[in-house]
Amino acid sequence: GSGTSQLVFAPNSDVLAAAQQQAIQAGLQQWLSDLIRVNSVAVVAEDHTLQVTVVYTLVANQQQQSQQFLYGGPTQ
């Protein structure tokens, strides 16, 4: 719901990373707040890659989880 996967052709920058961090956190809170509590969302723009790390706690059992996603990659 944050549109991150559609950024394949967008120029990578710290501004893009900051905007995505806010969009991802807001989307998770809006759509999954009954299942998870978002602890942190970190987005790092480096070269042609956008790295997203989400740390959250499952509401049902209070278990903390972490997921990492990479968008983009080296160009040829």
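The values are calculated or read from the model by the stated rules, or taken from the named source; none is laboratory data. Bear in mind that the values here come from a model prediction, so they are computed numbers and not experimental data. Glycine gets a Cβ as well: all are built from the backbone with ideal geometry, and neighbour counts include every protein chain shown. Keep in mind that these areas ignore ligands, DNA and RNA; they rest on the heavy atoms of the full protein, side chains included. Shrake-Rupley method; radii C 1.70, N 1.55, O 1.52, S 1.80 Å.
Answer with yes or no whether V54 is surrounded by 11 or more Cβ atoms within 10 Å (Cβ to Cβ), among the hydrophobic types (A, V, I, L, M, F, W, C), in contact with a strand residue (DSSP E or B) (Cβ under 6 Å, 6 or more places away or on another chain) and within 23 Å of P11 (Cβ to Cβ).
Considered against the rule, which asks whether it is surrounded by 11 or more Cβ atoms within 10 Å (Cβ to Cβ), among the hydrophobic types (A, V, I, L, M, F, W, C), in contact with a strand residue (DSSP E or B) (Cβ under 6 Å, 6 or more places away or on another chain) and within 23 Å of P11 (Cβ to Cβ), V54 comes out as no.
Going through the stretch 33-50 one residue at a time, which ones are polar (S, T, N, Q) and open to solvent by 70 Å² or more (accessible area, probe 1.4 Å)?
The answer is S33, and nothing else.
Just checking, how many residues over the stretch 32-51 are over 15 Å from S13 (Cα atoms) and not basic (K, R)?
Number satisfying all stated conditions: 9.
Could you check, for the stretch 12-31, whether at least one of its residues is closer than 19 Å to L70 by Cβ, at pLDDT below 85 and either aliphatic (A, V, I, L, M) or surrounded by fewer than 16 Cβ atoms within 10 Å (Cβ to Cβ) (or both)?
yes
Take the stretch 57-76 and flag every residue that is open to solvent by 80 Å² or more (accessible area, probe 1.4 Å) and not hydroxyl-bearing (S, T, Y).
Once the filter is applied, which keeps residues that are open to solvent by 80 Å² or more (accessible area, probe 1.4 Å) and not hydroxyl-bearing (S, T, Y), the stretch 57-76 yields A60, N61, Q62, Q63, Q64, Q68, F69, L70, P74, Q76.
Is there any pair with a first residue in the stretch 13-28 that is without any contact (Cβ under 8 Å) to a residue 40 or more places away in the chain and a second that is open to solvent by 30 Å² or more (accessible area, probe 1.4 Å) and assigned to a helix (DSSP H, G or I) whose Cβ atoms are under 9 Å apart and which are 6 or more apart or on different chains, and what are they?
Sorted first by the residue in the stretch 13-28, then by its partner, the pairs are L16/L7; Q20/L7.
How do the pairs read when you match residues in the stretch 64-76 that are under 13 Å from V43 (Cβ atoms) with residues anywhere that are at pLDDT below 80 and loosely packed, with under 10 Cβ neighbours inside 10 Å, using Cβ under 7 Å and keeping only pairs 6 or more apart or on different chains?
Y71/S5
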